[in-house]
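> Quick one: the structure is below, questions incoming.
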Amino acid sequence: MPNEGEALRILVVEDEKQVASFIKKGLQEEAHAVDVATNGPDGEFLAQTSSYDLIVLDLMLPGKDGVEVCKTLRARKVRTPILMLTARDSLEAKVEGLDSGADDYLTKPFAFEEFLARVRALLRRDSTGDSASLRVGELALDRNTRKAQRGTREIVLTSREYSLLEFFMRRSGKVLSRAVIAEHVWGLDFDPQSNVIDVTVSHLRIKVDRGASFAMIRTVRGAGYMLCEEDDK
Ligand code: CA
């Protein structure tokens, strides 16, 4: 079991170059070491010959699919946690993945924050310490119920608003550009032509700041957005 904050060694078995590099880049930003295999047999070989803390395994792979790779690894007593990726949002694919010995699954496309949350849950570690709740000033976020509270007022969030607020809270006091927000909260399903970030921020701002004595979600002109703990006026 890795210690909190320890850099992990992670194997990513994924044939889609864009997905593999998205995951690799994100994990490297979290200080983890990442190896990528682009087909089933290479992934299976690396998983058996190197020691990894986690294997991210795509379901549809050339050479040998994720379910077969997973079955082989488990049969050979490789007990490394496996997070299965599937493009098929069908119950059948999930059941098949879990039956083969995978520990969890994630349906593509996914936001990187969701991917990281699954990785942390699998490794039973959380770099932010308290995994159940986050607090910034009078704003609290419960990761189990996915509800926020400002003071005593409860805030109900959509799933995207939740991901965005969690990202803001983990980086409170820092200016976050739209590019950084897109990468971490929307991930691969982000359409750069859209104004979805601004729209979601404005919805979140109404929920968080409405009726409050000061605005916590601020626009930093020409730079992006920032979550502030205190009224600095
Ligand atoms: Ca694939």
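The values are calculated or read from the model by the stated rules, or taken from the named source; none is laboratory data. The model shown is predicted, which means the values in this text are computed figures rather than measured ones. Positions of Cβ are generated from backbone atoms using ideal geometry, with glycine treated the same way; all protein chains shown enter the neighbour counts. Accessible surface is based on the protein model in full, side chains and every heavy atom, while ligands, DNA and RNA are left aside. Shrake-Rupley method; radii C 1.70, N 1.55, O 1.52, S 1.80 Å.
> On the given criteria, is Thr86 more than 14 Å from the ligand (Cβ to nearest atom), under 20 Å from Asp104 (Cα atoms) and open to solvent by less than 60 Å² (accessible area, probe 1.4 Å)?
no
> Something else now. When residues of segment 14-26 are filtered for being part of a helix (DSSP H, G or I) and either in contact (Cβ under 8 Å) with a residue 60 or more places away in the chain or near the ligand (Cβ under 9 Å from one of its atoms) (or both), how many remain?
Going through segment 14-26, the residues part of a helix (DSSP H, G or I) turn out to be 17-26.
Cutting the leftovers down to either in contact (Cβ under 8 Å) with a residue 60 or more places away in the chain or near the ligand (Cβ under 9 Å from one of its atoms) (or both) gives us 18-19, 22-23, 26.
Summing the residues that are part of a helix (DSSP H, G or I) and either in contact (Cβ under 8 Å) with a residue 60 or more places away in the chain or near the ligand (Cβ under 9 Å from one of its atoms) (or both) in segment 14-26 gives 5.
> Can you tell me which residue in segment 36-62 is farthest from the chain's Cα centre (by Cα), limited to those that are in a strand (DSSP E or B) and within 16 Å of the ligand (Cβ to nearest atom)?
My answer is Ala37.
> In addition: For residues that are over 22 Å from Phe115 (Cβ atoms), outside any loop (DSSP other than H, G, I, E, B) and within 15 Å of the ligand (Cβ to nearest atom), tally how many sit in segment 63-77.
Selection size over segment 63-77: 1.
> Specify which of the listed residues (Thr107, Thr80) is of a type in the set (Ser, Thr, Tyr) and either away from the ligand (no atom under 16 Å from the Cβ) or in the same structural domain as Arg170 (by TED's automatic domain parsing) (or both).
Step by step, each of Thr107, Thr80 is checked, and only Thr80 is of a type in the set (Ser, Thr, Tyr) and either away from the ligand (no atom under 16 Å from the Cβ) or in the same structural domain as Arg170 (by TED's automatic domain parsing) (or both).
> While we're looking at this one, here's another question. Across segment 141-155, which residue is most open to solvent (accessible area, probe 1.4 Å) among those that are outside any loop (DSSP other than H, G, I, E, B), touching a residue at least 12 places away in the same chain (Cβ under 8 Å) and more than 16 Å from Glu229 (Cα to Cα)?
Arg153
> What are the pairs, 6+ residues apart or on separate chains, where a residue within segment 44-67 that is assigned by TED's automatic domain parsing to the domain that holds Leu98 and basic (Lys, Arg) has its Cβ under 7 Å from a residue that is open to solvent by 40 Å² or more (accessible area, probe 1.4 Å) and away from the ligand (no atom under 12 Å from the Cβ)?
Filtered contacts from segment 44-67: Lys64/Pro41.
> Right, something else. Specify the residue that is nearest to Asp209 (Cα to Cα); the eligible residues are those in segment 135-163 that are modelled with pLDDT under 90 and under 16 Å from the mean Cα position of the chain (by Cα).
Only one residue tops the list, namely Tyr162.
> Right, here's the next one. Could you count how many residues in segment 161-201 are of a type in the set (Val, Ile, Thr), open to solvent by less than 10 Å² (accessible area, probe 1.4 Å) and within 19 Å of Gly222 (Cβ to Cβ)?
Step one: list which residues in segment 161-201 are of a type in the set (Val, Ile, Thr), which gives 175, 180-181, 185, 196-197, 199-201.
Now restrict to residues that are open to solvent by less than 10 Å² (accessible area, probe 1.4 Å): 181, 185, 197, 201.
Next cut, within 19 Å of Gly222 (Cβ to Cβ) only: 181, 197, 201.
Result for segment 161-201: 3.
> Could you name every one of the helices (runs of 4 or more DSSP H) located completely within segment 157-213 that has at least 1 residues being hydrophobic (A, V, I, L, M, F, W, C) and farther than 22 Å from Ala117 by Cβ?
196-209
> Looking at Phe115 and the list (1) at pLDDT 95 or above; (2) assigned to a helix (DSSP H, G or I); (3) within 16 Å of the ligand (Cβ to nearest atom), which single condition is not satisfied?
If we test Phe115 against (1) at pLDDT 95 or above; (2) assigned to a helix (DSSP H, G or I); (3) within 16 Å of the ligand (Cβ to nearest atom), just (1) comes out false.
> Scan segment 204-233 residue by residue and report those that are in contact with a Leu (Cβ under 9 Å, 6 or more places away or on another chain), more than 18 Å from Leu134 (Cβ to Cβ) and of a type outside the set (Lys, Arg).
Val220, Ala223, Gly224
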